[in-house]
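Everything below concerns the one structure shown next.
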Amino acid sequence: MVYTADLKSAALNKLAGSSPALPTKKIMISFPVINDVHKEILLQGWLEEDLESVKSAKTFADLFVVALRVLNRMEQPIIELCGPVSNGGRGSRNANIEYFEESTVRLIQSGKIIFNIVPFENKIEEIWLAEEAAGKTPTLFEDFYFPIFESGFIAEGYFLPDWETSAGAKKEHDKLAELNIPLTHLSPDWDNQPA
């Protein structure tokens, strides 16, 4: 693997400089896109303060700082699930997020440690639209996803069967491959197999 303790330390130092230590209070609030039945599973590593920070974020870089805090609390090795959200996949953003959520739960229940991106999705869309409205090119990948991959926390990328229908998932795939982070491509019938 290309990552060294120095890269992870650098990411943690960035985190330390950007935010004071937070209390370890468990998350007990609901989040709009997360199914309440799966909330405890999906929000492993998340604190209430993290969700509040997501809501108040103004940039993708602000979201990256939250991601580092969450990643720092998670057990290793951490997998990032990648696939369509805003385009491709199941045909709509809501259907894609629902499938992402269901897939994340299934992988966690099978013993995988998954960094859940679903809590970021509403704010990602809001920042993206604001950047476009301001005439800027959105920097989602440069300021959020790629720094997460470069942080040293992500040990593997799992790709949903329809990942190739998404321009964003293709960018994630290319970056993870460039960083020599192992990739797993889930088969089209993976979610019909026993967990």
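Laboratory data are not the source of any read-out in this text; all were calculated from the coordinates shown. Keep in mind that this is a model prediction, so the values were computed, not measured. Here the Cβ is made from the backbone with ideal geometry for all residues, glycine too, and neighbour counts use every protein chain on show.
Label E52 and E125 with points 7 Å out from Cα along Cα→Cβ: what is the distance between them in nm?
So the label points at E52 and E125 sit 2.5 nm apart.
Using 0.36 nm per residue of separation minus the Cα-Cα distance, give me the extension gain between K171 and N192 in nm, one decimal.
So the extension gain works out to 4.8 nm.
All other residues with a Cβ under 14 Å from the Cβ of L129 taken together, and with Lys, Arg as +1 and Asp, Glu as -1, what is their net charge? All intermediate terms of the calculation are to be shown ahead of the outcome.
Details: positive: K58, R93, K123, K136; negative: E121, E125, E126, E131, E132.
Combined, the nearby Lys, Arg, Asp and Glu give -1.
What number comes out for the charge environment of W163, summing +1 per Lys or Arg and -1 per Asp or Glu over other residues with Cβ under 10 Å away?
-2
First select every other residue whose beta carbon is under 14 angstrom from the beta carbon of N180; then total the charges, Lys and Arg +1, Asp and Glu -1.
-3
Calculate the FRET efficiency for E156 and A134 from the Cβ-Cβ distance with a Förster distance of 25 Å, rounded to the nearest 0.05.
For R0 = 25 Å, the calculated efficiency reads 0.10.
Using mean Cβ contacts within 10 Å as the protection proxy, how do 131-142, 76-87, 59-70, 168-179 order, highest first?
59-70, 76-87, 168-179, 131-142
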